[in-house]
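Have a look at the structure below before the remarks.
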Amino acid sequence: RPQPRARRAGARNRPGSRPHHAAGRRSAPRTRAVPAEAAHRVHFLGTLPSDALAREYARARAVAVPSVWKENFALVGPEALGHGTPVVASDLGGVREWLRPGENGLAVRPGDAAALAGAVTSLLRDPERAARLGERGAELAREFGIDRHAEEMVSLYERILAEGNRTTSGGGRP
């Protein structure tokens with residue numbers, strides 16, 4: 001099943017590689033927002049199948065999540081972390097549930113393009129730091145994995161059932 005778009009910043013250091021940037025769906029407003037001098041480095045990938053998305057995450061030195069509104073969770077961040085890629089994200093909304101600045105990525109003020117660019121650039125210029133943040137991010141991302149979610153759901157249902165049994169065994173109504 002195709003997965004949501006990835007926002008990717010910079011290729012990993014490989015001989016002969018040059019950093020490039022990718023973003024989500026192609027749209028006129030985003031296309032117009034890219035300065036002409038950077039257009040050759042910005043690629044709108046659209047929706048990708050899971051395997052292609054995984055390859056993009058793995059190739060990235062950082063993933064940018066430049067939200068300007070309070071998203072519930074911004075799933076692209078934990079997805080990137082799960083692939084060992086650090087995240088540079090706006091510090092607001094549900095992002096705060098998974099972004100731990102200095103541990104698995106960097107936080108910037110929403111709408112501050114200069115801060116976003118500076119944070120991404122700092123990771124592009126310091127691949128060791130980016131790798132450390134990515135490794136820690138992969139560890140932290142397990143908190144949001146399907147196995148953990150399933151365990152928590154089973155535990156919740158067990159507590160609800162136990163409470164219901166205690167209520168009904170006392171002769172009262174549930």
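The values are calculated or read from the model by the stated rules, or taken from the named source; none is laboratory data. In this text, all values refer to a predicted model and were calculated from it rather than measured experimentally. Because the Cβ atoms are built from the backbone with ideal geometry, glycine has one as well, and the counts that use them run over all protein chains shown. Keep in mind that these areas ignore ligands, DNA and RNA; they rest on the heavy atoms of the full protein, side chains included. Shrake-Rupley method; radii C 1.70, N 1.55, O 1.52, S 1.80 Å.
Pairs needed: first member in the stretch 67-85, within 11 Å of Arg142 (Cα to Cα); second member anywhere, of a type in the set (Val, Ile, Thr) and open to solvent by less than 20 Å² (accessible area, probe 1.4 Å); C-beta distance under 7 Å; at least 6 residues apart or different chains. Pairs that qualify, where the first residue is within 11 Å of Arg142 (Cα to Cα) and the partner is of a type in the set (Val, Ile, Thr) and open to solvent by less than 20 Å² (accessible area, probe 1.4 Å), are Leu81/Val87.
Given the criteria among the hydrophobic types (A, V, I, L, M, F, W, C), open to solvent by 50 Å² or more (accessible area, probe 1.4 Å) and within 8 Å of the chain's Cα centre (by Cα), does Leu81 qualify? Criteria not met by Leu81. Kindly indicate whether any position in the stretch 108-127 is closer than 21 Å to Gly145 by Cβ and either at pLDDT 95 or above or in contact with a helix residue (DSSP H, G or I) (Cβ under 7 Å, 6 or more places away or on another chain) (or both). No: zero hits. Counting only residues that are surrounded by fewer than 19 Cβ atoms within 10 Å (Cβ to Cβ) and under 15 Å from Glu135 (Cβ atoms), which one in the stretch 85-111 is nearest to the chain's Cα centre (by Cα)? Step by step, filter the stretch 85-111, then rank; the result is Arg100. Checking the stated criteria, Glu128 turns out not to satisfy the condition of being of a type outside the set (A, V, I, L, M), under 19 Å from Tyr57 (Cα atoms) and touching a residue at least 60 places away in the same chain (Cβ under 8 Å).
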